[in-house]
Every structure is written in C-alpha cells, then in structure tokens.
Amino acid sequence: MTASRRLITHFDPTGDGPWQVVRMKTVVGSPLQPIDRLSVVERDLDSTPRDAEWPLRGVSSYGRYVTFRERRALEAQQPPLGRPDATCAALIPITKSAIWWDMAQDERRTILEERSAHIATGQQYLPAIARRLYQSRDLGEPFDFVTWFEYAPADAQIFEDLVSRLRSTEEWRYVEREVDIRLQRSC
C-alpha cells in the first residue's frame, strides 16, 4: 500500500512567472514584500522548505464551513481554474484574529454564512469568477488562508463588486491582515 501524496500549492515570486503583478495593496495589517511576477506551483508537502513569507503557500482542502447542499451548488457552478479567457487574477492572503479562532466552528459558521452570507454572495458571481481557497493556518504560515481568483478582463468590475460586498460584512471585522494582489497572465 502506498501513502497518498500530500501536495501544497506555492505562490512563488519568480522573474519569469506567467502572472505579472499589476497592483499590490495592503488592506489591513502589515504589507508583503513587493514582487513583479508570480508562479503557482504544486509541490510535495513533506519536501517543501519554509523560511520566509514568500512564497505564500497553502493546501486546498474540504470546505470547512459549507453544508452538503452548498457544496453541491458551488461544484455545479464553479468554473475550472486556468480558463484561457481568465487572464486576470487576484491573490488575497488573509489572517483572522485570535477572537475568531477562539470561537467554536458553529459560531464562526453563523457569522460567516448566516449573518455575512459569504458563501451565498460568492455563489452569485459564479461562473464569471473561478476561485480556490487554500488553508495555511495549520501549516504555521503567516496567513490563515490564501485565496486565489481568476476572471476575464470583462469581469473585472464584477470581481470588484464581490470583494467590496465581502469586505463590508460582519465576518471581515475579524480580519487582522489582508493583502490584495492583482495579476495579469502573460500570453
């Protein structure tokens, strides 16, 4: 019997990466070191060195706060990452406060979905915006989550609307650190 490979996704600053950084803004908390280009690479978790904020990294795992019904609805509408027309991206690492993490999971779910409508709001923007959430907190990373979004240039304003709506919710009061990195894929 072979052990399953555990992969970790790295967001590496590279001089020749396919994603060019067009804007990097600190929303709250401390900034990240500026970079010019980025590669998104999967590596084996057990053989990945860790010594700085860059590269950001995380593990794509099950939806911790979604119900079975929400998960099925998201899967039915969610477009794949890497679509040819989705040449714009946003990389948004987020850290939440100790108060957030001290709550029980059902309390966090109540704030996240029942009062902030995070999942329902995101679903309204599918399939224009593809997204993936990477968990980083359990890896001891400087951010709890790394969020990755891809969309076509024609959908840039739709993405701005989504981000604005999410940042205006009760859930976002628990965000201590957030950096908003916008990217354009090179052809």
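Computed values, structure above
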| quantity | calculated |
| --- | --- |
| Sole residue being buried (at least 16 other Cβ atoms within 10 Å of the Cβ), closer than 16 Å to Phe149 by Cβ and not small (Gly, Ala, Ser), chosen from Gln78, Gln123 | Gln78 |
| Helices (runs of 4 or more DSSP H) (entirely within region 51-170) containing at least 3 residues that are modelled with pLDDT under 90 | 68-77, 118-123 |
| Among the candidates Ala104, Ala86, Ala98, Ala76, residue that is of a type in the set (Gly, Ala, Ser) and over 25 Å from Phe143 (Cβ atoms) | Ala76 |
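Yes/no per residue for (1) over 18 Å from the mean Cα position of the chain (by Cα); (2) closer than 21 Å to Arg182 by Cα; (3) touching a residue at least 12 places away in the same chain (Cβ under 8 Å):
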position	(1), (2), (3)
Lys25	no, yes, yes
Pro31	no, yes, yes
Trp54	no, yes, yes
Ala76	yes, no, no
Arg83	no, yes, yes
Ala86	no, yes, yes
Ile94	no, yes, yes
Glu113	no, no, yes
Ala117	no, no, yes
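The values are calculated or read from the model by the stated rules, or taken from the named source; none is laboratory data. Here the structure is a predicted model, which means the values were calculated and not measured. Methodologically, a virtual Cβ is constructed for each residue, glycine included, from the backbone with ideal geometry; neighbour enumeration extends over all protein chains shown.
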